[in-house]
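Visitor: Got a structure here, written out as structure tokens. Questions coming.
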Amino acid sequence: MRRTLEVKDFKSHEVYSAYRVPNGLAFFIRCDGRNFRKICTVLKLKKPFDERLIRILISAAREVFQEGFNAILAYIFSDEINFLFIKNVPFNRRVEKLVSLISSLVSSRFSLEVLKLFKMDLAIAFDARIVPMYSSEVIEYLAWRQLQCFRNCLNCYAHYSLIEKGYSPKEVAESLRGLKAESLLEIISRVKGVRLNDIPLWQRRGVLLYWEEFHKIGRNPLTGDNVLAIRRKLKEEWNLPLFSSQEGRIFLEKILREQSVIHR
């Protein structure tokens, strides 16, 4: 008589599935593209920046908002999307659920948009990490990522300026290693003839996708009276202030107030 194997329950082995971002903490989920230098080459994107790429990233970020994940905003540059979460976070703040589903949504939407725009069937992947912090640190985090955006922008312009002049990638890497912003700008101006103000703001400072409140006149179905309702829509801001400046802080505080995540 054949014996039946007793099946073990491995549910207890899912040791990471219970990890949650603690209540009361804000957090960003930062998604980064994998092998994007190769992808940009395959797609034959313009260098140093191609507006089609940032628009596809925005479409991928919109997918997360539209799927009801309750992100407050998304800060986007290069191959990176930073989603902010503070309140009403789905899946009871479970880390595995959030990072796996959001990176999957971004990856799938990005791949579909590439197929639609470039007619190329590419499997494009994004990873995701959670960056927890106090609500009071949100603006500082965004200022830090915007600084990375600026550095990335200058490095890209300097890199491709030298490549166009015939330098090898190795020579370029050695020439630019350790240079500060002023030196990079000098190279860009001397070699490419491009000054800082010639570079579009979205390349220097990134793009912000966020909920914006607006008022809409509706009709009460019971009384027939006109009523003023508050609605919200996703807005793209391509001309961002410096988040480290007073203007930038006021801009971000207004967005956070409208989402009732800081006191009015």
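Each value in this text was obtained by applying a stated rule to the coordinates, not by laboratory testing. All values derive from a computational prediction rather than experimental measurement. In this analysis, Cβ positions are derived from the backbone assuming ideal geometry, glycine residues included, and neighbour counts consider all displayed protein chains.
Visitor: Output wanted: per-residue J couplings in Hz (rounded whole) for the range 81-93, from phi through Karplus 6.51 cos²θ - 1.76 cosθ + 1.60, θ = phi - 60°, x for Gly and Pro.
Guide: Here the 3J(HN,Hα) series is 10, 10, 9, 9, 10, 9, 10, 6, 7, x, 6, 6, 6 Hz.
Visitor: Sticking with this one: Quick one: compute the contact order of the range 26-204, relative version, from alpha carbon pairs under 8 angstrom and 6+ residues apart, as a percent.
Guide: Rounded, it is 26 percent for the range 26-204.
Visitor: Here's another thing I want to ask about it. Checking the a/c ratio against 1.5 first, then a/b against b/c, what shape does the Cα gyration tensor give for the range 61-159?
Guide: Oblate, since a/c reaches 1.5 and b/c is not below a/b.
Visitor: Also, quick follow-up: Taking the mean number of other Cβ atoms within 10 Å as a proxy for protection, how do you rank 145-152, 100-107, 116-123 from highest to lowest?
Guide: 100-107, 145-152, 116-123
Visitor: I'd like the distance separating the alpha-carbon centroids of the range 8-48 and the range 168-246, in whole Å.
Guide: For the range 8-48 versus the range 168-246, the Cα centre distance is 23 Å.
Visitor: Right, here's the next one. Report the residue, chosen from Asn197, Asn70, Asn220, that carries the largest GNM mean-square fluctuation when the chain is represented by alpha-carbon nodes joined by springs under 10 Å.
Guide: Asn220
Visitor: For the charge dipole of the range 26-204, defined by +1 on Lys and Arg C-beta atoms and -1 on Asp and Glu C-beta atoms about the Cα centroid, which residue among Val191, Leu147, Ala26 has the Cα displaced farthest towards the positive pole?
Guide: With unit charges placed on the Cβ atoms, the residue in question is Val191.
Visitor: Let's see if you can work this out: charge +1 on each Lys and Arg Cβ, -1 on each Asp and Glu Cβ, no other charges. What is the dipole magnitude of the range 26-204 about its Cα centre, in debye to the nearest 20?
Guide: 240
Visitor: While we're on this one: List the residues, sorted by chain then number, that are 5 or more residues from Leu73 or on another chain and whose placed amide H is less than 5 Å from its amide H.
Guide: Close amide H contacts, sequence-distant or interchain: Leu84.
Visitor: May I have the convex hull volume per residue, in Å³, for the Cα set of the range 26-204?
Guide: Convex hull volume per residue, Cα atoms: 127 Å³.
Visitor: Assign one of three labels to the range 10-55, namely rounded, prolate or oblate, based on the Cα gyration tensor with a ≥ b ≥ c the square roots of its eigenvalues; rounded applies when a/c is under 1.5, prolate when it is not and a/b is larger than b/c, and oblate otherwise.
Guide: oblate
Visitor: Can you quote the Å³ per residue value for the convex hull of the Cα atoms in the range 171-264, rounded to an integer?
Guide: It comes to 163 Å³ per residue, whole-number rounded.
Visitor: Do the alpha carbons of any pairs in Lys44/Lys165; Lys38/Lys233; Lys38/Lys170; Lys38/Lys180 sit beyond 24 Å of each other, and which pairs?
Guide: Lys38/Lys233; Lys38/Lys180
Visitor: Given R₀ = 22 Å, what would the calculated FRET efficiency be for Glu186 paired with Arg37, taking r from the Cβ atoms and rounding to 0.05? If you can, show how the numbers build up before the last one.
Guide: Numbers: r = 25 Å, r/R0 = 1.14.
Approximately 0.30, to the nearest 0.05.
Visitor: Select from Met120, Cys40, Ala158 the residue farthest towards the positive end of the dipole of the chain; place +1 on Cβ of Lys and Arg, -1 on Cβ of Asp and Glu, and compute about the Cα centre.
Guide: Of Met120, Cys40, Ala158, it is Met120.
Visitor: Still on this structure, I have one more. Taking the square root of 5 times each eigenvalue of the Cα gyration tensor, what semi-axes in Å does the equivalent ellipsoid of the range 153-202 have, largest first?
Guide: Semi-axes from the Cα gyration tensor: 18, 12, 9 Å.
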